[in-house]
Amino acid sequence: MRRACARRAAARARRAARLAAVVGAAAGLAGCGEATCEERRTCASGAAGTGGAAGTGGTAGVSGAAGTDAGPLPDGAACSAATACSSGHCVDGVCCDTACDGACESCSAPGLAAGSCAPAAAGTDPGGDCAGAVAACSGLCDGAGACAYPGAETTCATPSCDGTTLVRLLCQGDGACGEAREPCDDALACTGVESCTPVGCVAGTAPDCTPADPAHCVGACVEGATGHECTVTAADTDADLHGDAACAAAPGDDCDDTLASAYPGAPESCDGVDNDCDGLRDLADGFTLGGTVDILFTSPHAAWYPHIAWSSAARRYGVVWTDGRAGDSNYQVYFAAMNSSGALVDAPIRLSDGVASRGLARIAAFGSRFAVVWSRLTAPSGVVLRQLDAMTGQPLGPEQALSATSGQYAGLYALPGPVLAVGWVSSVGTSALTLDPATGAVTTATQAISTSAAFGWAGAGAHVYAHLATPGTPDRAGFLGVGASLASEIAETDLDPTATVDHGLGAIAATDTAIGNVWALVGPPSVWRFSAHAPDGARLCGPIDLATSGASRPFVAAAATATPQHFATLVYDELPAATDYDLVLHRVDATCAVADAVVVGTAPYIGATVDSRQVAAPTLTTGESQYAVVWSEGDRMMRRLFGSNLCD
């Protein structure tokens with residue numbers, strides 16, 4: 001603000017008194033105490049001045065001594081009157097180069113050169129130029145010679161309500177405080193009825209348009225002529241621009257709204273998904289089974305009944321079989337490791353010391369070991385077990401006798417711990433024991449668990465399951481379950497109570513939530529059947545027919561394995577004229593829905609005898625995201641590996 005003489009008139013008397021005390025040239029100025037600002041310009045030097053008359057409310061000035069001729073003060077010098085300054089301007093207590101009477105101008109503000117008029121520093125207001133109508137709206141200098149005032153972001157008084165309108169008092173950006181009116185009710189039915197409170201608008205309660213099936217449908221509120229309306233559309237969870245076909249109220253065309261790769265017209269991929277939504281996937285939609293049929297090895301004599309297991313620790317398969325390659329017509333148990341590409345890691349090695357039963361050596365993997373069990377025919381006869389290092393394929397000790405009498409169809413399963421559960425068919429039915437594989441010590445002594453014969457073994461967690469064949473009229477198929485101590489958990493359960501089964505040909509597989517069994521009915525035509533049960537023995541589904549053979553009896557045993565999604569079964573279908581056999585893989589879920597049925601390979605018809613047909617008995621297991629199938633064709637062992645989606 002302009003520092004005018006009128007603003008200093010009241011202080012002249014006091015200033016004159018103080019000036020009188022100053023010696024030298026300054027003392028000579030005391031005589032100008034009552035002079036006007038213009039007159040003060042001449043009062044710089046000369047003879048001693050007389051004291052000024054008493055001003056209003058003050059005493060007369062004291063006469064000053066004669067001053068020296070110092071001349072006018074330069075810009076920046078301390079001053080109390082404009083007449084003392086060479087520029088004629090005394091501003092903010094210093095001589096200034098200009099009148100410096102604009103808003104937010106200063107001649108001595110901190111950070112500025114004294115004596116030069118310049119804009120006041122930003123964030124200051126040395127002259128009080130930026131006062132607002134109310135304190136909340138006062139501003140500060142902006143550093144460019146102007147005031148910067150708060151705007152509508154600053155409330156300058158308490159808001160109030162005018163009906164459903166919120167009245168806010170806000171700074172206007174020029175120092176003023178003004179009114180801003182905000183209707184709270186947006187007049188939209190879909191947002192509910194809004195209300196006003198002094199602290200702000202309160203949102204209304206929107207109508208509930210949640211659809212009956214929110215998992216597959218989306219509800220929305222739209223404005224109607226007289227209020228709101230709720231609409232339903234198919235959800236598009238995977239954002240592929242196709243609505244969920246499972247939305248019953250407004251079906252879309254997306255057969256799998258959880259996958260962006262599945263929608264009508266999408267390219268079909270080998271991924272287990274019906275990508276193009278035509279009701280077909282993978283094999284059924286034009287893809288073929290992955291992998292090729294190859295010879296795993298050849299033998300100078302027939303190689304019988306292979307069995308396979310996957311070691312996740314060693315990342316390889318272990319394969320066992322009985323083989324007459326020694327040339328003395330006595331069969332021995334052999335082992336070979338196969339990698340995930342289907343190639344032998346090392347040459348086959350012989351495991352058995354004595355003559356073995358021609359069939360059903362069985363292998364299981366646990367930790368970094370394989371365990372193999374079979375029936376020894378030469379003295380001392382009985383069921384024996386041998387362990388191998390899964391990493392090297394080398395035996396970890398000699399045969400361990402488990403029974404003093406011969407047994408058939410031995411099987412085993414590795415329980416958590418690990419503990420090995422071993423079972424076999426004996427003269428009293430099915431016997432079993434458990435042992436600690438680290439020490440070989442028996443942890444549960446041999447005991448009879450069924451009067452029926454177990455022809456297949458499986459397990460899940462701490463549970464062991466056996467597929468049974470019960471001789472009678474008719475012969476029946478069944479299964480049972482025991483725990484880690486071999487105590488009964490599922491009593492013997494008939495799978496097909498009224499049908500005559502071909503005993504000894506069935507198989508079993510298990511997951512944590514279901515147990516799957518496959519068995520054959522005596523024909524002609526013979527029929528392969530499947531059913532699924534819960535871990536408590538309750539039937540989940542089945543029996544259903546998987547395949548039909550033209551023969552009166554299929555003769556060749558089935559095989560089974562399981563993944564969390566599917567049971568996979570291998571059965572043989574004899575082709576016309578007894579020329580060869582199709583090895584058929586079925587994948588079935590726990591609802592007995594058949595997902596796939598595909599020929600894995602074709603085994604040639606070897607001879608007219610039952611034994612000749614049994615040579616071809618298949619085995620399969622699941623490895624690292626793949627299936628591995630091995631079967632015999634007399635003097636050669638065949639294999640095929642393919643991915644978990646079958647076509648990969």
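The values are calculated or read from the model by the stated rules, or taken from the named source; none is laboratory data. Note that the structure is predicted; figures quoted are calculated from it, not measured. Here Cβ is always computed from backbone atoms with ideal geometry, including for glycine, and neighbour counts include all displayed protein chains. Accessible surface is based on the protein model in full, side chains and every heavy atom, while ligands, DNA and RNA are left aside. Shrake-Rupley method; radii C 1.70, N 1.55, O 1.52, S 1.80 Å.
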Can you compute 3J(HN,Hα) from phi for each residue in the range 273-279, using the Karplus curve 6.51 cos²θ - 1.76 cosθ + 1.60 with θ = phi - 60°, rounded to whole Hz and x for Gly and Pro? 10, 7, 4, 8, 6, 9, x
Each label sits 7 Å from Cα toward the beta-carbon; between Cys230 and Ser160 the label points are separated, in nm, by 4.2 nm
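Using the Cβ atoms and a cut-off under 15 Å, what net charge is assigned to the surroundings of Cys230, where Lys and Arg are +1 and Asp and Glu are -1? Before the final figure, lay out the partial values.
Working: positive: none; negative: Asp208, Asp213, Glu223, Glu229.
Net charge around Cys230: -4.
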Phi-derived 3J(HN,Hα) across the range 617-626 with the Karplus relation (6.51, -1.76, 1.60, θ = phi - 60°), rounded Hz, x for Gly and Pro, is 3, x, 9, 8, 8, 9, x, 7, 6, 7
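Quick one: with all protein chains in place, what share of the accessible area of the range 386-453 is carbon or sulfur, to the nearest percent (1.4 Å probe)? Before the final figure, lay out each step's value.
Working: 1590 of 2840 Å².
In the range 386-453, the share of accessible area belonging to carbon and sulfur is 56 percent.
With 29 Å as the cut-off, how large is the P(r) tail for the range 339-487, expressed as percent of Cα-Cα pairs? Show your work: numbers first, answer last.
On the way: 1724 of 11026 pairs.
Here the tail beyond 29 Å accounts for 16 percent of pairs.
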Along the range 369-384, what does the Karplus equation 6.51 cos²θ - 1.76 cosθ + 1.60 (θ = phi - 60°) give for ³J(HN,Hα), rounded to whole Hz, x for Gly and Pro? 10, 10, 10, 10, 10, 7, 9, 8, 9, 7, 5, x, 6, x, 7, 10
Can you compute the modelled spin-label distance between Thr451 and Ala203, with each label point 7 Å from Cα toward Cβ, in nm? 7.3 nm
Normalised by the empirical 2.2 N^0.38 Å for globular proteins, what value does the Cα Rg of the range 152-258 take? 1.65
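Tally Lys/Arg at +1 and Asp/Glu at -1 over every other residue whose Cβ is under 12 Å from the Cβ of Ile449; what's the total?
Details: positive: none; negative: Glu489, Glu492.
Net charge in that neighbourhood comes out at -2.
Find how much the distance from Thr378 to Ser195 grows on full extension, using 0.36 nm per residue of separation minus their present alpha carbon separation; answer in nm with one decimal. Walk me through the numbers on the way to the answer.
Working: separation 183, 0.36 × 183 = 65.88 nm, distance 9.59 nm.
Separation in residues times 0.36 nm, less the Cα-Cα distance, equals 56.3 nm.
Throw me the Rg/Rh for the range 113-200, computed over C-alpha atoms with Kirkwood Rh, two decimals.
So for the range 113-200, dividing Rg by the Kirkwood Rh gives 1.24.
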Would you grab the residues whose amide H sits under 5 Å from the one on Gly459? Only those 5+ places off in sequence or on another chain, please, with H modelled 1.01 Å from N. Tyr465, Ala510
Sorted by accessible area (1.4 Å probe), largest first, how do Arg315, Arg639 line up? Arg315, Arg639
Could you pull out every residue, at least 5 positions away or on a different chain, whose amide H is within less than 5 Å of the one on Leu415? Hs are placed 1.01 Å off N in the peptide plane, and Pro or chain starts have none. Leu420, Ala421
For the pair Asp174 and Ala133, how long in nm is the line joining their label points, each one 7 Å along Cα→Cβ? 1.0 nm
Report, by chain and number, residues whose modeled amide H sits under 5 Å from the one on Cys541, excluding near sequence neighbours (fewer than 5 apart, same chain). Ala532
Distance histogram for the range 253-345 (every C-alpha pair counted, 5 angstrom bins, percent rounded to whole numbers): 3, 12, 15, 12, 9, 9, 10, 10, 8, 6, 4, 2, 1, 0
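Quick one: ranking Thr237, Thr511 by accessible area, 1.4 Å probe, largest first, what do you get? Walk me through the numbers before you get to the answer.
Numbers: Thr237 105, Thr511 25 Å².
Listed by decreasing accessible area, they come as Thr237, Thr511.
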Could you rank the peptides 207-215, 131-139 by their average count of other C-beta atoms within 10 Å per residue, with the highest value first? 131-139, 207-215
Compute for the range 258-310: radius of gyration divided by Kirkwood radius, i.e. Rg/Rh, restricted to C-alpha atoms, rounded to two decimals. 1.29
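When you have a sec, figure out the Kirkwood radius of the range 444-484 from all distinct Cα pair distances and drop it here in Å to one decimal?
On the way: mean 1/r = 0.0904 Å⁻¹.
For the range 444-484, inverting the mean 1/r across all distinct Cα pairs yields 11.1 Å.
When N counts the residues of the range 475-550, how does its alpha-carbon radius of gyration compare numerically with 2.2 N^0.38 Å, as a ratio?
Working: Rg = 12.8 Å, N = 76, 2.2 N^0.38 = 11.4 Å.
Cα Rg divided by the expected 2.2 N^0.38 Å: 1.12.
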